[in-house]
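Read the figures in this text as sums done on the coordinates, not as results from a lab. Quick caveat, the model's predicted, so the values are computed rather than measured. Please note: Cβ atoms are built from the backbone with ideal geometry, for glycine as well, and neighbour counts cover all protein chains shown.
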Amino acid sequence: MPHITVDYSDVLTDTFDRRGFGRALHPLVAKAVDGSVAACKTRFRRAEECVIADGETDIAMVHVEVALLSGRTPEVKGELSRSVLQLLRGYVGPTPGHALHASVDVSELDRGCYSSHHDQEAATA
């Protein structure tokens with residue numbers, strides 16, 4: 001079930017291995033929360049314009065948001081955040097003339113309010 005959203009500066013389009021990151025991220029998240037890789041979902045959103053710090057254009061950013069069902073301890077969420085950040089560094093290549101600001105937030109989805117559906121037949125068709 002983890003829902004993961006990755007926002008990244010458009011200048012990173014050619015240097016950020018998004019597919020590789022997602023494929024490496026899912027087992028890491030699943031292990032950290034005692035879940036399954038099959039339940040992980042990651043969406044990448046390219047940000048055409050980002051204003052960072054003083055607004056100069058020489059800074060790129062990646063922000064990863066991992067949303068989990070409630071109930072994990074702060075320690076588990078903190079360790080997951082640090083692990084995702086470390087993993088991310090291996091998938092964003094150098095972008096000449098740009099510094100990189102990277103961040104990760106692990107948030108909770110309220111178990112009482114979250115609903116989902118998986119259509120097994122459509123997945124195998």
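In the range 1-21, the residues that are under 18 Å from residue 37 (Cβ atoms) and in contact (Cβ under 8 Å) with a residue 60 or more places away in the chain reach residues that are surrounded by 14 or more Cβ atoms within 10 Å (Cβ to Cβ) and among the polar types (S, T, N, Q) with C-beta atoms within less than 7 angstrom, at least six apart or across chains, in these pairs: 4/42.
Considering only the range 30-47, I want to know if a residue exists there that is aliphatic (A, V, I, L, M), within 26 Å of residue 95 (Cα to Cα), touching a Leu at 6+ places or on another chain (Cβ under 9 Å) and surrounded by 11 or more Cβ atoms within 10 Å (Cβ to Cβ). Within the range 30-47, not a single residue is aliphatic (A, V, I, L, M), within 26 Å of residue 95 (Cα to Cα), touching a Leu at 6+ places or on another chain (Cβ under 9 Å) and surrounded by 11 or more Cβ atoms within 10 Å (Cβ to Cβ).
In the range 66-125, what count of residues is obtained for those that are among the aromatic types (Phe, Trp, Tyr) and more than 20 Å from residue 36 (Cα to Cα)?
At the first step, the residues of the range 66-125 found to be among the aromatic types (Phe, Trp, Tyr) are 91, 114.
From what is left, the residues that are more than 20 Å from residue 36 (Cα to Cα) are 91.
Selection size over the range 66-125: 1.
Of all residues in the range 68-109, count the ones that are surrounded by 14 or more Cβ atoms within 10 Å (Cβ to Cβ) and polar (S, T, N, Q). Going through the range 68-109 one residue at a time, the tally reaches 4.
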